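The values are calculated or read from the model by the stated rules, or taken from the named source; none is laboratory data. As the structure is a prediction and not an experimental result, all values here were calculated from the model. For neighbour counting, all protein chains shown are included, and Cβ atoms are generated from backbone atoms with ideal geometry for every residue, glycine included.
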Amino acid sequence: MHTRHQSRCSALPHHYIFPLFSKCSLTTHLHVLSAMHESNRLRRLGLVVDSEYRALICVVCGCALSCSGCQVTSHLWEKHQVPKDARTSITSYIHSLRLLDLSRLPPRPNGSPAHTNLKTKRGYACKLCDYLTASEERIGRHLS
Ligand SMILES: [Zn+2]
Ligand SMILES: [Zn+2]
């Protein structure tokens, strides 16, 4: 009687653990698949994530984008006429990546090699310090 009870007990956890494990790995699998799907979608929209700077870059424009609010979908529509159905749920996906907003992105260090996905621009260099800018207005303010 005692032995039979024991064997039933040892059979139970096995029975319960197995479906639990397979359910977990399925969820993880689906999660990974949907993340891959979303990053492929970003690429098709001409967007890439720079993982070093945690920045979202529009490869077509060669510039980093502001990720706050609906700015990315606005950019896709206004600059590239990406239709609405291609832009659905992209905002929530981008927000889930917790990227740095454009306003908080640090400038790349002086002398950095050209970035693969960013346009290079001619600009101004201050002769007295390391200040660099592509904006005539900003160099004017810097020198005044
Ligand atoms: Zn663009
Ligand atoms: Zn200066």
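Evaluation of Cys9 against the conditions (1) in a helix (DSSP H, G or I); (2) of a type outside the set (Ser, Thr, Tyr); (3) at pLDDT 90 or above shows that the sole unmet condition is (3).
Among the helices (runs of 4 or more DSSP H) confined to region 25-144, the ones with at least 1 residues that are aliphatic (A, V, I, L, M) and touching a Phe, Trp or Tyr at 6+ places or on another chain (Cβ under 6 Å) are located at 136-143.
In region 45-70, the qualifying residues are those that are in contact (Cβ under 8 Å) with a residue 24 or more places away in the chain and of a type in the set (D, E, K, R), and the one that is nearest to Arg104 (Cα to Cα) is Arg54. If you go through region 51-64 one residue at a time, do you hit one that is crowded, with 16+ Cβ neighbours inside 10 Å, among the acidic types (Asp, Glu), closer than 19 Å to Thr120 by Cα and away from ligand 2 (no atom under 16 Å from the Cβ)? No, that holds for no residue. Scanning region 102-144 for residues that are surrounded by fewer than 15 Cβ atoms within 10 Å (Cβ to Cβ), more than 16 Å from ligand 2 (Cβ to nearest atom) and of a type outside the set (Gly, Ala, Ser) returns Arg104, Pro106, Arg108, Pro109, Pro113, Thr116, Lys119, Thr120, Lys121, Arg122.
Residues are listed down the side, and each one gets a yes or a no for (1) under 30 Å from His37 (Cβ atoms); (2) touching a helix residue (DSSP H, G or I) at 6+ places or on another chain (Cβ under 8 Å):
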residue: Val72; (1), (2): yes, yes
residue: His80; (1), (2): yes, no
residue: Ser96; (1), (2): yes, no
residue: Leu105; (1), (2): yes, no
residue: Gly111; (1), (2): no, no
residue: Leu118; (1), (2): yes, no
residue: Asp130; (1), (2): no, no
residue: Arg141; (1), (2): no, no
